[in-house]
Every structure is written in C-alpha cells, then in structure tokens.
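The values are calculated or read from the model by the stated rules, or taken from the named source; none is laboratory data. Because the structure is predicted, anything quoted here is derived from the model rather than measured. Using ideal geometry, Cβ is built from the backbone for each residue, glycine included, and neighbour counts are taken over all protein chains shown. The area values use the complete protein model at the heavy-atom level, side chains included, leaving out ligands, DNA and RNA. Shrake-Rupley method; radii C 1.70, N 1.55, O 1.52, S 1.80 Å.
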Amino acid sequence: MRANVPDAERLLRRVAQGDLAAFDELYRRTAPAIAVRLRRRCSDDGLVAEVLQDTYLTVWRAAGSFADLRPRGGGAAGWLWTIAARRLVDALRRQARRLEAPAEDVPVVSIPAAEDEALAGTVGGELGAALAELAPELRAVLRAMVLDGLSVRETSVLLGLPEGTVKSRARRARNAMREALS
C-alpha cells in the first residue's frame, strides 16, 4: 500500500467526487493490505470480511473528509487504516456484548491480549520480556511504528494522539527497552 500512497490520495479525491471507477481502483489497490493488517489483530475471517466491507462503505461515504483533513497530516494509508482499525474495535465490542455472560457467572481472569502475546512470542527471550514490561500506551506506539511500519504522522492518526505525544512515547519506549536489555 505504501508504494501507491500518492495514487491512493488521488483516487480518494476522485472518490470524494462520486467516481465509482476510482473507488473500485482504490479498493483493488488497498484492500489486500488492509485485510492483512486486520488479520494480524483478529483471527475471525468472517469478522475481518465484515470490517473490511464496513471500512470501504465508510470510505465511500466519507472520502470528502479526507480532503478536509489532508492539509493537517496523515496520508491515504493512515486515513484508511484509521477507519479500518476503528471499525474493527467497534465490531469486537459488538461481538463481546452479544457473547457477554451475566457478571456473577464470569470469573475474573486477567490475560494478555493476543496481539501482545504474538508480539512477545515473535521476538521472544529478553526482548519479549522487556516488551511485556512496557506500559500499554508505549507498546501501542511501538506496535504501530515498528510492526505496522507507520510513520509518526500515521501513528498519530491511528491512535488519535498528537504527533508530539507519539514521538515522546516512542522515545520513552526505546529508552525503557534499552534499559531493560542492558
């Protein structure tokens, strides 16, 4: 998706004008990468397909807002991923509400998120342990910038944080990792 960023931005501007061919082309170029990133966070293929469909429905309806946001930051890739990530969170919340059991029947168990386990398992050893010790907000920034390869600006859009906050959290995460591994 990165190689096509200028094209995706141009296509988004055309989509904002109601160009269905541009929407088809945007979907063809960006949906596979979005789907891969969604699958990293959710193993339910049905839910991923639903979120992908909802994402592009939102893109069709809100493409005009991309042009409004463009001068302030974030490219097409960050904008598309932000929509997809938010749709995934919404879908997971809806799914959790459907499956929610009465509070008195649910044992209180604290387990790490699957994504955190996968991240720790991928790197393993001392590095995995150091990652597990990071505060969740620092881990989220590292995940976006290192695993997803997002820029500071794209991470800012994805996490809904100012760029300065993303930079300071990235610096704090690097310092904490350096200290833990020394």
| query | By how many nm would the segment from R10 to R28 lengthen if fully extended, with 0.36 nm per residue of separation less the alpha-carbon distance? | reply | 5.0 nm
| task | Could you order E126, E154, E25 so the one with the most accessible surface comes first? Probe is 1.4 Å. | result | E126, E25, E154
| Based on the Cβ-Cβ distance from R172 to A62, what FRET efficiency comes out when R0 is 30 Å, to the nearest 0.05? | 0.35
| task | Measure off 7 Å from each Cα along the Cα-to-Cβ vector at A132 and A49, then give the distance between these two points in nanometres to one decimal. | result | 3.6
